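Notes follow once the structure below has been shown.
The values are calculated or read from the model by the stated rules, or taken from the named source; none is laboratory data. In this text, all values refer to a predicted model and were calculated from it rather than measured experimentally. Here Cβ is always computed from backbone atoms with ideal geometry, including for glycine, and neighbour counts include all displayed protein chains.
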Amino acid sequence: MTLALGLAAVLALASPPGQLPYATYCASCHGADLRGTSNGPSLRNAGAASVDFELVTGRMPAAVPWIEVGHRGQQLPDATIKAIEAYIASVAPGGTPIPVVTAGGDVANGREVYVENCRHCHGVDADGASVGGAEWAPSLHRTSITQVAEAIRAGPGQMPRFGARQLDDRALRDVATYVFALDRREATPRVPVARDNPVPEGLFGWLAIGALALAAYAFARH
């Protein structure tokens, strides 16, 4: 037993940094060679932005293979996450790097960028909404600036990727600053159907049709 423990310790020390946490938390789904398995996609060319976003938001490690739960919160310590990211980058470099974004962007311009590119899925107040097909655009509240920027550049799930040609670094900083600023404002009560996303708009339409039908029926009876 002592010899086995000693050999395990030697192997752990001889392994590249991050290999052990990767094997512990990631390899069963993404494969020892990062090429993916029937339980998870390849991480080759995934990029640090995508890997960091999935780990920091708690989507990974997945509770169930192929199922990402975005509201779980960070599952692993920061040091473990950084070690896994470094190991993946050493085995399969490339992909989108983690954007370097700080607060202090133009909030007004950020709002315009958000309205044009984000509100249709995430809602006017960034509360999240259904985008159809059992998919859900999550709330952006209590989201860090870096996570917003990573999501924009990496395009997790059904979200499209916005490269520098679609949103340059200035626009990226502005919209990330705007989203981050949402949590520092006083909440303004809103009528749920007034939110700008597909499900409330459809609900409002059905309510309007129902009201018209009732009005027509009442008129016909008189």
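Please determine, by comparing only the residues of segment 133-185 that are more than 9 Å from the chain's Cα centre (by Cα) and polar (S, T, N, Q), which one is nearest to Val101 (Cα to Cα). Among those residues, the one meeting the criterion is Thr146. Among the residues of segment 71-107, those identified as crowded, with 17+ Cβ neighbours inside 10 Å, in a loop (DSSP other than H, G, I, E, B) and over 20 Å from the mean Cα position of the chain (by Cα) are Ala92, Gly105. List the number of the failed condition for Arg44; all other conditions in (1) at pLDDT below 95; (2) in contact with an Asp or Glu (Cβ under 7 Å, 6 or more places away or on another chain) hold. Among (1) at pLDDT below 95; (2) in contact with an Asp or Glu (Cβ under 7 Å, 6 or more places away or on another chain), the lone unmet condition for Arg44 is (2). Within segment 28-55, residues that are within 24 Å of Val148 (Cα to Cα) have Cβ atoms under 7 Å from residues that are of a type in the set (Ser, Thr, Tyr) in these pairs: Gly47/Thr96; Ala49/Thr96; Ser50/Thr96, counting only partners at least 6 apart in sequence or on another chain.
Among the residues examined, Val179 does not qualify as assigned to a helix (DSSP H, G or I) and modelled with pLDDT of 95 or more.
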